[in-house]
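Chemist: If you scroll down you'll find the structure; I have some questions about it.
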Amino acid sequence: MSNPLDSVWYTRCPAPTPLSVAHQLGWVDRQFQASGVSVRSIRDSADPAGRQSHFTHALDYSFRQGGNIPPIWARSGGRETRVVGITTTDEFQAVIALPSSGITKGADLKGRRIGVPRKPGEQIVDFQRATALKGIVSALSLEGLTPADVELVYLDSVEASLIERGNAAFLGLKRRYPYGDELLALARGDIDAFFVKGAEGIVLANQIGAVVVSEFGFHPDPKIRINNGTPRPLTVDARFIDEHFDLVADLVATVGQVAGWAEANPDDAVRLIAGEIGVGEDAIWAANGPDVHKHLELTLEDEQIAAFEHFKTFLLQWGFIPTDFDVFGWIDRTPLNAAGRRNAA
């Protein structure tokens, strides 16, 4: 290694990822400590600019696993990062409505008002708006409809994307849970339906007794399923991998061991995932399916990369990313290959 490191940065989203599980088990800290390197949390940084690296990937010697919109946006904007692994864990994705709306199936959405969260003052990519739009487009496409067949109602919020533990606005919780603006608009009668996903989405749908108008999180066509959370890349900055390849390969090897552990310990795996997201374990089983513990692999399969290519094109067409780039050129298989050899040995 050149330029010995004292510390590295990491961040992960509140989602089912092997990086999250490996971190909670203490594996990531132990792996780096064996090389004399401490691990620092981007989400717990005292510096607001540092916390923004959760989205921008701006910090050198950092790694991240979570939603794919921020890393796609950062790469499109010129940040030199590499995808060294991908995890595909399907999840509940749906458009929901109230029973009083009379909307019972996807075809009923034609001519109706669908809410879309929007942050007009956002300085980074508005990933929640992009996520909702992709879900809405997928739901409509299953009925032969397009966004032109519905009224998209943008619900503006002045709150920035906050990554900050202990923020008073969170009432003691770790973060702001999604879908608050959409729920209020639905209650006011300003919209007829909106998109939800994941464990938080299924809990909300349950809480309000919603009608699941269209559900497609486990649809056989990956182009329908692809969204911010499906799949989730493990990314590192280029400087980290160029200067400290062995550390990156060790990281990938450590995170890659989660799949076998989770299969052998499904209840513990789901408990850790639920704690990361901040929901009950039953919500994880419901939202991600009975085999969620079997879908925490770290791989780089052509189908996964093609899913990123499809979603990148969607983000480009809708104006969420500034420039096009080669997704297959974004992939670096060498750490995963090296990790495979180490784990086999």
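The values are calculated or read from the model by the stated rules, or taken from the named source; none is laboratory data. Given the structure is predicted, the values throughout are model-derived calculations rather than measurements. When we count neighbours, we look across all protein chains shown, and the Cβ atoms used for this are built from the backbone with ideal geometry, even at glycine. Note: areas computed on protein heavy atoms with side chains; ligands, DNA, RNA excluded. Shrake-Rupley method; radii C 1.70, N 1.55, O 1.52, S 1.80 Å.
Chemist: Quick check on this structure: which one of Ile321, Ile273 is touching a helix residue (DSSP H, G or I) at 6+ places or on another chain (Cβ under 9 Å), β-branched (Val, Ile, Thr), modelled with pLDDT of 95 or more and not in a helix (DSSP H, G or I)?
Modeler: One residue alone meets the criteria, Ile321.
Chemist: Just name the residue that is nearest to Gln123 (Cα to Cα) out of those in region 14-53 that are surrounded by 18 or more Cβ atoms within 10 Å (Cβ to Cβ) and at pLDDT below 90.
Modeler: Here the answer is Gln52.
Chemist: If the requirement is being more than 30 Å from Arg118 (Cβ to Cβ) and open to solvent by 20 Å² or more (accessible area, probe 1.4 Å), which of these qualifies: Asp250, Asp326?
Modeler: Asp250
Chemist: Here is a follow-up. If I ask for residues that are farther than 12 Å from Phe194 by Cα and touching a residue at least 40 places away in the same chain (Cβ under 8 Å), which ones from region 107-127 would you list?
Modeler: Across region 107-127, the qualifying residues are Asp108, Lys110, Gly111, Lys119, Ile124, Val125, Asp126, Phe127.
Chemist: Considering only region 56-68, state which residues are out of contact with any Leu (no Cβ under 7 Å at 6 or more places or on another chain) and either open to solvent by less than 10 Å² (accessible area, probe 1.4 Å) or assigned to a loop (DSSP other than H, G, I, E, B) (or both).
Modeler: His57, Ala58, Leu59, Asp60, Ser62, Arg64, Gly66, Gly67, Asn68, listed by residue number.
Chemist: Would you confirm, using the coordinates I've provided, whether Gly78 is assigned to a loop (DSSP other than H, G, I, E, B) and open to solvent by 10 Å² or more (accessible area, probe 1.4 Å)?
Modeler: yes
Chemist: (1) open to solvent by 10 Å² or more (accessible area, probe 1.4 Å); (2) in contact (Cβ under 8 Å) with a residue 24 or more places away in the chain; (3) of a type outside the set (Lys, Arg); (4) out of contact with any Lys or Arg (no Cβ under 9 Å at 6 or more places or on another chain): which one isn't true of Phe308, the others all being true?
Modeler: Status for Phe308: all satisfied but (1).
Chemist: Is there any pair linking a residue in region 12-29 that is over 15 Å from Val236 (Cβ atoms) to one that is at pLDDT 95 or above and basic (Lys, Arg), with Cβ under 8 Å and at least six apart or on different chains, and which?
Modeler: Cys13/Arg232; Ala15/Arg232
Chemist: If you check every pair at least six apart or on different chains, which have Cβ atoms under 6 Å apart with a residue in region 65-84 that is without any contact (Cβ under 8 Å) to a residue 40 or more places away in the chain and more than 21 Å from Ala249 (Cα to Cα) first and a residue that is in a helix (DSSP H, G or I) and open to solvent by 10 Å² or more (accessible area, probe 1.4 Å) second?
Modeler: Pairs found: Ala74/Thr56.
Chemist: Here is a further query. For residues in region 110-125 being small (Gly, Ala, Ser) and surrounded by fewer than 18 Cβ atoms within 10 Å (Cβ to Cβ), which is nearest to His54 (Cα to Cα)?
Modeler: Step by step, filter region 110-125, then rank; the result is Gly121.
Chemist: Oh, and also: Residue check, Thr299 against (1) within 27 Å of Ile124 (Cα to Cα); (2) under 18 Å from the mean Cα position of the chain (by Cα), all met but one. Which one?
Modeler: Failed condition: (1).
Chemist: Still on this structure: Taking Phe320 as meeting all but one of (1) touching a residue at least 12 places away in the same chain (Cβ under 8 Å); (2) open to solvent by 40 Å² or more (accessible area, probe 1.4 Å); (3) more than 18 Å from Ala253 (Cα to Cα), write down the number of the exception.
Modeler: Every listed condition holds for Phe320 apart from (2).
Chemist: Still on this structure, please answer the following. Mind checking whether some residue in region 126-147 is over 15 Å from the mean Cα position of the chain (by Cα), over 21 Å from Asn227 (Cβ atoms) and either open to solvent by 60 Å² or more (accessible area, probe 1.4 Å) or of a type in the set (Phe, Trp, Tyr) (or both)?
Modeler: No, every residue in region 126-147 fails to be over 15 Å from the mean Cα position of the chain (by Cα), over 21 Å from Asn227 (Cβ atoms) and either open to solvent by 60 Å² or more (accessible area, probe 1.4 Å) or of a type in the set (Phe, Trp, Tyr) (or both).
Chemist: Within region 32-51, take every residue that is assigned to a loop (DSSP other than H, G, I, E, B) and among the hydrophobic types (A, V, I, L, M, F, W, C) and give me the one that is farthest from Arg12 (Cα to Cα).
Modeler: Going through the qualifying residues, I end up with Ala34.
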